[in-house]
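Encoded as structure tokens, the structure appears first; notes follow it.
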Amino acid sequence: MSVLWDALNNIDNFAISLLLLSLGIALFYEMINGFHDTANAVAMIIYTNSMKATNSVIMAGIMNFIGVILGGIGVAYVIVHLLPLDIMVSSDQNATLVMIFSLLISAVIWNFGTWYFGLPVSSSHSLIGSIVGVSIAFGMMHGFTFSQSVNWPVVYKILTALALSPLAGFGFAYLIMKLSRKIVKNPKFFRTPSTSEDGTKKKKPNFWMRTGIIVTGAGVSFAHGSNDGQKGIGLIMIILIGILPTYYALNMEAHQYKIMQTRDAAANLAKFYADNNDNLTKLVNEKRLISALKIENTIAECNVNQVYNTTLEISTKLDGLKSYSELSSDDRWKIHTAVLCSDNFFGQAEKAYKSIDKDKSDYIADQRKQMITSTEYVPYWVIIAVALMLGIGTMIGYKRVVHTIGEKIGTKPINHMQGAVSQAMAMVTILLANFAHAPVSTTHIVSSSVAGTMIAEPDGSVQKKTVNTILLAWIFTLPITALMGAGIYVCLDYFIK
């Protein structure tokens, strides 16, 4: 918080207002994320009456909190790298602010609207679609080509994860449900939640089934926090870096030894480039290694032929440095950009060397991790704030989605075993995605896992109307939020000018 406090004491009141407003919208987005996604984690617990609704959402909030704390920041920086932040910061402050507010407004409108109608729609899709749409509008209005406006390789990676993860959840759930039918013979485990004799509430499952539903539900909450929480963290880091680049381009609280770590890694990578110049030059000529940002003007360019000098400059500027506060504002941003360019190039080199010399590939990977420690970081207060807002969202908006998950996906209400299996497989799928630093949709993974258990039953099937609605929402959320974000950007840019 000391860096934020320092920033607030050194910027004008108008900038403070814009910063607080944008952070407020971002945290509200996280609360809506709780409406949508965390509700999926407690849907089975509440629907089967395994635990009281109040207790289940409190448990989900706690598990989300822990998940965010322990989830890391790999997914967060996949979100950050979607945007050409260097272009944003180096162009003009007004354009940066318009870009940030446009993507925030677009994501919030779509998330809140779909929640209101009880649709299990992906918060991830809405955020990513908004970022892509705003980035394209920003780039095209500032003289960049379509390919330059967005970090397309990262977009393709995210889209692949978003497409494959629901299929994985469906497949895992289908197989485990089939296996459960063969192994578990006790019909109590496959009962559909039934109401009590007075018709006031559903009967509780037996002890073992109830335990399984609660534990797997808690696991989904943890997995949700570890993945979706990072999207909110990434969104807030976009805001902080975009509005306060002087204070957040580098980790101003980094210890001297962390700075030395970045310096030494940069020096090692520069030496690696010099020692392997012939091979790297050949890879560049074959277009197997390209520039990080294909920008033809002087705003922000990563020149593939200047990687050695760029990487060496990092080491030179950090030599003898005890704190990043000793650097000028311009030098802080130059280091940030240099690390981005160098890391992008050597990331490509790491992949290329896997088939040439695995030891060298491993060496590059290790040095890259050391080099980015001062640029890929998250202040602890950001993590806490996101965790709290996810928990609050859970407790406010869970009811609308619970009914959809429990009764509207299958032709029959979900049974106890289906609830436990779908939750367990959703948890596994999300955690695997987290390990791969892939942002995925908890909503669609849970929904597809439920559908997998429904199809696996001997007399089971799905309600085509609900599944088609979810599928259409999955397909159209990205393009709609992209168009919405671009439109909002154009309008706000017009009024500000």
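Residue-level check: of (1) modelled with pLDDT under 90; (2) in a helix (DSSP H, G or I); (3) surrounded by fewer than 20 Cβ atoms within 10 Å (Cβ to Cβ), ASN344 misses just (3).
So for segment 54-67 (the condition being modelled with pLDDT of 85 or more, over 30 Å from PRO205 (Cα atoms) and open to solvent by 10 Å² or more (accessible area, probe 1.4 Å)), does at least one residue qualify? No, segment 54-67 contains no residue that is modelled with pLDDT of 85 or more, over 30 Å from PRO205 (Cα atoms) and open to solvent by 10 Å² or more (accessible area, probe 1.4 Å).
Of the residues ILE131, ILE176, the single one that is assigned to a helix (DSSP H, G or I) and either touching a Leu at 6+ places or on another chain (Cβ under 7 Å) or more than 30 Å from ASP459 (Cβ to Cβ) (or both) is ILE131. Determine whether PHE222 is in a helix (DSSP H, G or I), open to solvent by 10 Å² or more (accessible area, probe 1.4 Å) and touching a Gly at 6+ places or on another chain (Cβ under 6 Å). When the stated conditions are applied, PHE222 passes them. If you go through segment 175-214 and keep only what is polar (S, T, N, Q) and either at pLDDT 85 or above or open to solvent by 50 Å² or more (accessible area, probe 1.4 Å) (or both), you end up with SER180, ASN186, THR192, SER194, THR195, THR200, THR211. Taking first residues from segment 154-166 that are more than 10 Å from VAL132 (Cβ to Cβ) and among the polar types (S, T, N, Q) and partners that are at pLDDT 90 or above and crowded, with 23+ Cβ neighbours inside 10 Å, the Cβ contacts under 7 Å between residues at least 6 apart in sequence or on separate chains come to SER165/THR429; SER165/ALA433.
Cβ-Cβ distances below 7 Å connect no pair with a first residue in segment 432-460 that is under 12 Å from ALA223 (Cβ atoms) and of a type in the set (Phe, Trp, Tyr), a second residue that is part of a loop (DSSP other than H, G, I, E, B) and open to solvent by 10 Å² or more (accessible area, probe 1.4 Å), and a separation of six or more residues or different chains. Taking the numbered list (1) open to solvent by less than 10 Å² (accessible area, probe 1.4 Å); (2) assigned to a helix (DSSP H, G or I); (3) at pLDDT 80 or above in turn, ILE87 passes all entries but (3).
Taking segment 440-462, which residues are at pLDDT below 80 and of a type in the set (A, V, I, L, M)?
VAL462
Which one of LYS369, LYS360, LYS351 is over 25 Å from the mean Cα position of the chain (by Cα), on the phi < 0 side of the Ramachandran plot and open to solvent by 10 Å² or more (accessible area, probe 1.4 Å)? Criteria check complete, one pass: LYS360.
Among the conditions (1) farther than 15 Å from ALA270 by Cβ; (2) in a helix (DSSP H, G or I), LEU321 misses just one, which is (2).
Which ones in segment 141-166 are more than 20 Å from the chain's Cα centre (by Cα) and surrounded by fewer than 20 Cβ atoms within 10 Å (Cβ to Cβ)? Across segment 141-166, the qualifying residues are MET141, HIS142, GLY143, THR145, PHE146, SER147.
When ASN277 is tested against (1) modelled with pLDDT under 90; (2) more than 32 Å from the chain's Cα centre (by Cα), just one condition goes unmet, and that condition is (1).
Residues that are under 30 Å from ASN309 (Cα atoms), modelled with pLDDT under 90, of a type in the set (Val, Ile, Thr) and outside any helix (DSSP H, G or I) do not occur anywhere in segment 393-414.
Of all residues in segment 324-341, none satisfies the criterion of being more than 17 Å from LYS258 (Cβ to Cβ), crowded, with 17+ Cβ neighbours inside 10 Å and among the small types (Gly, Ala, Ser). Here is the figure for segment 240-261: residues that are of a type in the set (A, V, I, L, M) and modelled with pLDDT of 90 or more total 6.
Only a single item in (1) more than 23 Å from the chain's Cα centre (by Cα); (2) surrounded by 21 or more Cβ atoms within 10 Å (Cβ to Cβ) is not met by LYS231, and it is number (1).
So ALA292 clears everything in (1) over 23 Å from LYS351 (Cα atoms); (2) at pLDDT below 90; (3) aliphatic (A, V, I, L, M); (4) open to solvent by 20 Å² or more (accessible area, probe 1.4 Å) except one condition, right? Which one? Just one mismatch for ALA292, condition (1).
When SER374, SER342, SER361, SER328 are screened for being in contact with a helix residue (DSSP H, G or I) (Cβ under 6 Å, 6 or more places away or on another chain) and free of Cβ contacts under 8 Å to residues at least 60 places away in the same chain, only SER361 passes.
Tell me yes or no: at least one residue of segment 253-265 is surrounded by fewer than 22 Cβ atoms within 10 Å (Cβ to Cβ) and within 30 Å of PHE101 (Cβ to Cβ). So far as segment 253-265 goes, yes, one or more of its residues are surrounded by fewer than 22 Cβ atoms within 10 Å (Cβ to Cβ) and within 30 Å of PHE101 (Cβ to Cβ).
The values are calculated or read from the model by the stated rules, or taken from the named source; none is laboratory data. Note that the structure is a prediction, hence the values are computed from the model and not measured. Positions of Cβ are generated from backbone atoms using ideal geometry, with glycine treated the same way; all protein chains shown enter the neighbour counts. Note: areas computed on protein heavy atoms with side chains; ligands, DNA, RNA excluded. Shrake-Rupley method; radii C 1.70, N 1.55, O 1.52, S 1.80 Å.
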